[in-house]
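First up is the structure itself, then whatever we jot down about it.
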Number of protein chains: 2
Amino acid sequence: MRIILCGFGVVGQSLARLFDSRADDLYAGYGLKPRIVGVFDSMGGASSPSGLDLKRLVDVKKEYGTVKKYATAKSMSGVDMIKNLDADVLIETTASNYKDAEPGMTHITTAMKKRMHVISVNKGPLALAFPSLMELAIYNQVMFRFSGTVGGGTPILNYAKNSLKGEQITSFSGILNGTTNYILSNMSQGMTFRAALKDAQNRGYVEADESLDLDGLDAAAKLVILANWIMGMKVTMPDIKCTGIRDVTTSDIKKAAKTKSAVKLIASCEKELVVAPKEIPADDPLCVNGTLNAIAFTSEHSGTQTIIGKGAGGMETASSILRDLLDIRQEIAGK
Amino acid sequence: MRIILCGFGVVGQSLARLFDSRADDLYAGYGLKPRIVGVFDSMGGASSPSGLDLKRLVDVKKEYGTVKKYATAKSMSGVDMIKNLDADVLIETTASNYKDAEPGMTHITTAMKKRMHVISVNKGPLALAFPSLMELAIYNQVMFRFSGTVGGGTPILNYAKNSLKGEQITSFSGILNGTTNYILSNMSQGMTFRAALKDAQNRGYVEADESLDLDGLDAAAKLVILANWIMGMKVTMPDIKCTGIRDVTTSDIKKAAKTKSAVKLIASCEKELVVAPKEIPADDPLCVNGTLNAIAFTSEHSGTQTIIGKGAGGMETASSILRDLLDIRQEIAGK
């Protein structure tokens, strides 16, 4: 399987490591031989029709900060690579952006028009244009997968779509952003908002643009993806009523604690799509602490089911990409 | 799809109601037209090659306590029904028994030999003979499904088997019996074991043979099923080290509470297969209260993921049977 990889940050590098360490077992167990024929980061790219050497790629990135130095040849731009290289699957891992979703949006649409299957862990394009991207995929008869956009390595989308076959999910709500959960958990231990934010930043939990976490945009993007994929809605970011955690005070948290509750940033799909801080009873399975994510699906006949897991992490997200790739491999093989 | 239904207790009746209420949508959405051609309880049976009337079946059971009165004809025994009726799927819902697994064991093996697909929510046969039942199914080229045996309506088996495609689950542990969890939760609120047991009995949570809950047999049976299905082990009940909750004292629970922990009956698959009371930190996602079930799967690259849901309930378990049936329908249709 020939792959173009857009972005070579933590997730891209974890994926290269995963492919490398599991090469034998992926081939023996699933007939999958992933070859990265092109990869690019913001400074340039590297390509080879027979597949790049994964270890070398990681080493070059580490030494020079860009994969451009992999070869001495003049490197192509990302979009040129997608236009000119022959590949089966595009994997989009560049940073999410909720203004115009670029450069991910152009990567994905260009690849689909070239009849490449697409795996995205970049939430931007999905948040701003889920319905039209899905149409574009169908029109071009390609598969579009994005397991890693919600829950990182925790297969939330797959669970809701496939494990509850024959069941109608009637509503759901969840903690979809680990960073704000970490901050709120620390505040419930007595920290101020400022101190808790600082601590989260020191640990590298906060996005470069802190607004994505604090103002609920990351959670809202995930809610858009869930609403489209699980509930069949056709919605985008402007359809979400979104309030972040900047105005949550220590006294709000103390007040909640008095009734054995905790304040959490909850994304919910009931009558409307809302992201907002909400009091949750401490003994509700949804009430998880630290950087954990949790989501509770309520279905017609199977009751309410909660899934809890780490919502992020390079290797976890890479493992979700591998699952999507195996899924595409199986569909192609007509299994 | 022609079905023989073994047992017509809470689960069987819920299934009849579910089939009846969803007849149109099952046919339109999945091409599934379930016809119960035979059903029997401990007092007798009713059959009709063109399918029994579901509403009437439920009414007759309610009025007479047995489906035998559905028709005036002499009713067949359960095993005779399986031997003589033409059917595609056998659904086994009689009570679990961990001594000889009868009558479920005979129902299942007889049906498989007659090339019927089998869905079982009866744990007995699986607990005592999982490896050989699986071989029998393969030998006779029939499908064998048992989603409802673990987690009731919560699709735990499916999640672990399918949602983590390409991933190796390395260990798991969970609260698999809601009744003991209810008793231990009540004890943590200050009740004695006796009082908590009494309360659970009054609510109808405790098996007629209380040993199945209190001595951990129900949890052990589920552990056998998980170990075989998820981990590929070939084990049966005698392979489980099993300790129940009869010896858990109020002072054990108070001691745990001092370190912000709670005593739970944990079934775990790590180096060995164990069911035993264990202290769990209160903020561990696994530490759920009331009758809830919870299971945490640890995988190689996707971290630890916890699923929480109601572990029992007639309609919930019926919904798991429907999922299995849709699964079989799709496999037959070669989709």
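The values are calculated or read from the model by the stated rules, or taken from the named source; none is laboratory data. The structure displayed is predicted, hence computed values, not measured ones. Neighbour counts are summed over all protein chains in view; Cβ atoms, including those assigned to glycine, are modelled from backbone coordinates with ideal geometry. Heads up: the accessible areas ignore ligands, DNA and RNA and are worked out on the full protein's heavy atoms, side chains in. Shrake-Rupley method; radii C 1.70, N 1.55, O 1.52, S 1.80 Å.
The criterion of being over 30 Å from B:ALA23 (Cβ atoms), facing chain A (nearest Cβ under 9 Å) and without any contact (Cβ under 8 Å) to a residue 60 or more places away in the chain holds for B:GLY303. Counting the residues of the range B:1-29 that are farther than 15 Å from A:GLU300 by Cβ, assigned to a helix (DSSP H, G or I) and touching a residue at least 60 places away in the same chain (Cβ under 8 Å) gives 4. May I ask you to verify whether B:TYR70 is open to solvent by 50 Å² or more (accessible area, probe 1.4 Å) and out of contact with any His (no Cβ under 8 Å at 6 or more places or on another chain)? The answer is no for B:TYR70. Could you say whether any residue in the range B:183-193 is more than 14 Å from every other protein chain (Cβ to nearest Cβ), of a type outside the set (Phe, Trp, Tyr) and closer than 24 Å to B:SER120 by Cβ? Checked against the condition, which is being more than 14 Å from every other protein chain (Cβ to nearest Cβ), of a type outside the set (Phe, Trp, Tyr) and closer than 24 Å to B:SER120 by Cβ, the range B:183-193 yields no hits at all.
Considering B:VAL150, B:VAL121, the condition of being closer than 30 Å to A:MET315 by Cβ, among the β-branched types (Val, Ile, Thr) and under 19 Å from the mean Cα position of the chain (by Cα) is satisfied by B:VAL150 alone. In the range A:157-171, the qualifying residues are those that are among the hydroxyl-bearing types (Ser, Thr, Tyr) and surrounded by fewer than 18 Cβ atoms within 10 Å (Cβ to Cβ), and the one that is nearest to the other protein chains (Cβ to nearest Cβ) is A:THR170. Scoring A:GLY313 on the criteria (1) more than 14 Å from every other protein chain (Cβ to nearest Cβ); (2) open to solvent by 10 Å² or more (accessible area, probe 1.4 Å) leaves a single failure, condition (1).
Filtering the range A:6-26 for residues that are in contact with a His (Cβ under 8 Å, 6 or more places away or on another chain) and under 19 Å from A:PHE144 (Cβ atoms) leaves a non-empty set. Condition check for A:ALA333 on (1) more than 10 Å from chain B (Cβ to nearest Cβ); (2) farther than 26 Å from B:GLY313 by Cα; (3) modelled with pLDDT of 95 or more: one failure, at (3).
In the range A:13-39, of all residues being away from every other protein chain (no Cβ under 12 Å) and open to solvent by less than 10 Å² (accessible area, probe 1.4 Å), the one that is farthest from the chain's Cα centre (by Cα) corresponds to A:VAL37.
Looking only at the range A:63-102, how many residues end up being within 28 Å of A:ALA312 (Cβ to Cβ) and free of Cβ contacts under 8 Å to residues at least 60 places away in the same chain?
13
Would you say A:THR291 is open to solvent by 30 Å² or more (accessible area, probe 1.4 Å), touching a strand residue (DSSP E or B) at 6+ places or on another chain (Cβ under 6 Å), of a type in the set (Val, Ile, Thr) and touching a residue at least 24 places away in the same chain (Cβ under 8 Å)? Considered against the rule, which asks whether it is open to solvent by 30 Å² or more (accessible area, probe 1.4 Å), touching a strand residue (DSSP E or B) at 6+ places or on another chain (Cβ under 6 Å), of a type in the set (Val, Ile, Thr) and touching a residue at least 24 places away in the same chain (Cβ under 8 Å), A:THR291 comes out as no. Among all positions in the range B:172-182, there is no residue which is more than 30 Å from A:GLY309 (Cα to Cα) and away from chain A (no Cβ under 14 Å). Once the range A:254-300 is narrowed to residues that are away from chain B (no Cβ under 12 Å) and small (Gly, Ala, Ser), the residue that is nearest to A:MET233 (Cα to Cα) is A:SER268.
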